[in-house]
1. Kindly write out, for region 118-125 in residue order, the coupling ³J(HN,Hα) from the Karplus curve 6.51 cos²θ - 1.76 cosθ + 1.60 (θ = phi - 60°), rounded to whole Hz, with x marking Gly and Pro.
2. Taking the Cα atoms of region 189-317, what is the range of coordinates along each of the three principal axes, in descending order and whole Å?
3. What residues from region 466-502 fall in the zone where the backbone N is under 11 Å from a label point 7 Å along the Cα-to-C-beta line of residue 420?
4. Please report the accessible area of residue 81 (heavy atoms, 1.4 Å probe, ligands and nucleic acids excluded) in Å², nearest 10.
5. ³J(HN,Hα) across region 308-325 via Karplus (A = 6.51, B = -1.76, C = 1.60, θ = phi - 60°), whole Hz, x for Gly/Pro?
6. Working with all protein chains in place, sort 541, 303 by solvent-accessible area computed with a 1.4 Å probe, largest first.
7. Longer than 27 Å from Cα to Cα, which of 372/558; 142/212; 372/637 are they? Say none if no pair is.
8. Extending each Cα 7 Å along its Cβ direction at residue 43 and residue 12, get the distance between those two points in nm, one decimal.
Amino acid sequence: MPKADGAGYTAETVNLLDGARNKWFRPSDVCVAPDGSLMVADWYDPGVGGHRMGDVEHGRVFRLAPHAAAAKYAAPKVDVSTAAGAIAALKSANMSARYMGWTALHAMGDKATAELVQLLKSDDPILRARALGVLVKQHADKDTIVAYLTAGLQDESADVRCATLRLARQLGGVIEVADLEAAIDIEDPSPAVRRELLIGLRELFWSSRDDKLVAGWVALANQHDGADRWYLEALGVAAEGQWDRCLPAYLESMGRNWMGNKAARDIVWRSRAETTPQLLAAMITSPATPEAEVPRALRALDFQRSGQKDAALMLLAFGAVPGDERASFVHAESLTRLGGFDINANPAQKAALLATLDTQKGTEQYIRLVDKFSVAERYGDLLALAQAEPESQLAIEAVKALLGKREQKLLVSALTSDDAATADATIRALATSGDGRAVPLLTSVLNSEEAPINERRAAVKGLGSIRQGAVELQQMADKGTCPESLLETLKATLHTVQWRDIKEYAATKFPLPPGKDAAPLPSIAELASRGGDATHGSVLFHSTATCATCHQVGTLGKNVGPNLSEIGKKLAKEAMYESILYPSAAISHNFENWLVVDDDGNQYSGLLVSETDDAVEIKDPKGLVRSVPRGKIEVMKKQEVSLMPADLQKLLTASELVDIVEYMTTLKEAPKP
């Protein structure tokens, strides 16, 4: 049962039914039957987690009842023809019976009043609340309704008092706030009751600008303890649209030293007043604000619409902040949130920016700031970052920033460097970017007879990582213009690109040799009936089968496809074989393959990681994330084909495939943190 916890609730789970003997037990719904027993609906799905409902013909309903009543199910007769019978139905845990009782009592009017008043004296607060809910809507007389609500507001149970306030809101067209003002305790000891008062205040704010309402909100805000997140949110809900009235009045009540009070900092953090950005800036730069609260205060600026927001960010970006570590963090985060402008026009601001950059070297933040403010003297640093980790997220961001600044000359210099390691790292970074603007640079290396053969081969592979580059390789194959020394590299690259149409072209133009043993696989049913060697399967999973290139087991593998650490308790063997052999038949929720095409012709394929009003982020099969600005997207389409390759069985014999599935059935525990 849920229990009050401040203005919210806590709950505990009690297992009434245990599916230990049946791993396909999947309770989907629960209700109380008319006889008081508990009914639990069960469904069966051989591919749990994929929402496939593979078996729609089988299902069960379990009945849970005391042993003495469990032998036979019989729905008791519900007689609501009398007030006593209707009261009995109103007490029922079964919703249908309760509705019948509630409806009958309403229809009876005054004839049921005596029984309902008697129920108001029950020791059970739930029954008192039900009786009150009928009585206040059963009568049309305003004084009678106010009398019942007044009694409810004085009930010893906080839950009944909460229910009474909700009923009062429902009766807004019948009664007024003034009718209950004397009965409402704005300092009620229960935070949950005060939460209900705040929700009611929101509705009153909509229809009135009475200063009493602001005073009421302030009185309730003064009771925030600085720890109850539910209560804080209720304050925010109540003050929505009224912050410019509520916040100044609250801060005045707190006095000049409000910043030293955790509760006051909470309320400013949650506020949306015109002055909130300046107050947040003051909090961020105040030694009274604990270090741990600074990041959330900065994030709060993202939700402000005040005209003072930019001024606050400028103050934080270029003003004094106590402590070197806090200053570094605040300056960098604030600069990121500012709109771009010509930093060279203000030498003092540029000096502050360069000092901040020095504290952020080697980070994505560094790349973003150099890009945003066009700090040309730091472009070489971006190239060095990309070369240091050419297959990383940093490389993607650095290369895209350089291409956006049209720094082809800097990139060509690196590609033609006498240092082989520098040239190779630059090629790999360009390939990792997935950006079509890198294609001419890589093509120039491919066609350069002066470049070492290994660099030219690397350029071919790099072109295969970019849609426009892969198309160019296909055209070279069609026209026969690929240099003979690079033809085998081109063939292999076309077979391994991520785009289906080009793969199909490669399969026709350059057919692959037969599978590992050239033997057809048996049916899924037969494969599932076989036992395998789990130890050997583990070795294959992390090597020949390439499963670990996209899936994690424990701490091993890459986080691209679904984590398989617990797959053994989620999928039956049949479902595992189906997922491997026909990966596009049932793509798991949130692991669909998306195609995004921008207005430069770049194509990105992979998992949709994030989608906002500003940008879309796609994670490719290597686990790298690419961000595409929303305004540049021409096409965004969910693909029918899974990101997972459909021909993994070609790498394995039937026996090896069985071993891998046997290993997967043993994976039943999540990695420990």
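1. After applying 6.51 cos²θ - 1.76 cosθ + 1.60, I find 5, 5, 4, 8, 4, 6, 8, x Hz.
2. Computed over the Cα atoms, the extents are 40, 29, 24 Å.
3. none
4. About 90 Å², rounded to the nearest 10.
5. Along region 308-325, the couplings run 8, 4, 5, 5, 5, 5, 4, 4, 6, 6, 10, x, 7, 10, x, x, 4, 5 Hz.
6. Values: 541 0, 303 130 Å².
In descending accessible area the options line up as 303, 541.
7. Values: 372/558 31 Å; 142/212 24 Å; 372/637 30 Å.
As for pairs spanning more than 27 Å Cα to Cα, those are 372/558; 372/637.
8. In this crude label model, residue 43 to residue 12 measures out at 3.1 nm.
The values are calculated or read from the model by the stated rules, or taken from the named source; none is laboratory data. Model, not experiment: these values are computed from the prediction. A quick note on method: Cβ atoms are made from the backbone with ideal geometry, for glycine too, and the neighbour counts reach across all protein chains shown. The area values use the complete protein model at the heavy-atom level, side chains included, leaving out ligands, DNA and RNA. Shrake-Rupley method; radii C 1.70, N 1.55, O 1.52, S 1.80 Å.
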